[in-house]
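To start, the structure under review is shown below, and the notes come after it.
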Amino acid sequence: MLSITAFLLDFVLGALFFAAFYYKLNTFRDFELSVQSYHVLPFSLTRPAAIGLLLFELVLFISFASGQALYYKELGAIVLLLAFSVLLVRKRRLDQEKGSACSCFGSIDFLNRYPLSRNSILIGICAIKCLLPAAVLSAQASFQQFILHSVVTCSCLLLVDYMQTRKRYIALQVRE
């Protein structure tokens, strides 16, 4: 029972990190501007920081999807989410009159709406995951879990993209 719970938590966390990676990659120029808007790095480091962040999210997805990197993936996710939260609070204090929005998940509005609450919940899930007994998977089982996770996650994202595109198409359609 606990191994199923650990698998499902890995699945949810991996899917969320892949969704963040996917939507940031699809709108990379906007993502670069978002990184720059935090005013933490000089302009010349914006692109390398954006690429590094994308790669880190991809590595987290691979780690969660394969069930490997026991406890390191949860620790990495907690550090990343804490850093996002601290930087977002800092940005909101600096931009009081402008209002700071999160667009980590592209057009999936309900994941962007309350980023500090979302990050707190994800940090809690990672902490709970660390308390569960860890099962060491064989290379074959790890690869099979990764393939299953990747297919399901990509299918869900393609379905979400299709539904959003269809919704926009219907909204823009001229009625006679």
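The values are calculated or read from the model by the stated rules, or taken from the named source; none is laboratory data. Since the model is a prediction, treat every value here as computed from it, not as a measurement. Reconstructed Cβ throughout: ideal geometry from the backbone, glycine too, with neighbour counts over all protein chains shown. Ligands, DNA and RNA are stripped out before the accessible areas are found, and what is left, the full protein with its side chains, is counted by its heavy atoms. Shrake-Rupley method; radii C 1.70, N 1.55, O 1.52, S 1.80 Å.
For the reader, a short list of remarks on this structure follows.
- For the range 110-173, the extents of the C-alpha atoms along the principal axes are 52, 33, 9 Å, listed from largest to smallest.
- Directionally averaged projected area (convex hull, Cα atoms, the chain), nm²: 12.8
- Phi-derived couplings, Karplus 6.51 cos²θ - 1.76 cosθ + 1.60 at θ = phi - 60°, listed residue by residue for the range 76-86: x, 5, 5, 4, 4, 5, 5, 4, 4, 5, 5 Hz, with x used for Gly and Pro.
- Here the calculated FRET efficiency for S3 and L75, from their Cβ-Cβ distance with R0 = 22 Å, stands at 0.60, rounded to the nearest 0.05.
- Compactness relative to 2.2 N^0.38 Å, alpha carbon Rg of the range 1-95: 1.19
- Solvent-accessible area per residue, Å², over the range 64-176 with all protein chains present [probe radius 1.4 Å]: 67
- Neighbour-limited loop hits for GluC sites (Glu not before Pro), the range 18-121 (at most 13 other Cβ within 10 Å; DSSP other than H, G, I, E, B): E97
- Gain in span if fully extended, R90 to L131, counting 0.36 nm per residue against the direct Cα distance: 11.7 nm
- Backbone phi angles across the range 20-37, fed through the Karplus curve with coefficients 6.51, -1.76 and 1.60 (θ = phi - 60°), yield HN-Hα couplings of 4, 4, 4, 6, 5, 5, 5, 10, 4, 4, 4, 5, 4, 5, 5, 4, 5, 5 Hz in residue order; Gly and Pro are listed as x.
- Evaluating 6.51 cos²θ - 1.76 cosθ + 1.60 at θ = phi - 60° for every residue in the range 130-145, the Karplus couplings come out as 5, 7, 6, x, 8, 9, 7, 8, 5, 4, 5, 5, 5, 5, 5, 5 Hz, glycine and proline recorded as x.
- Calculated P(r) of the range 43-123 - Cα pairs past 14 Å, %: 70
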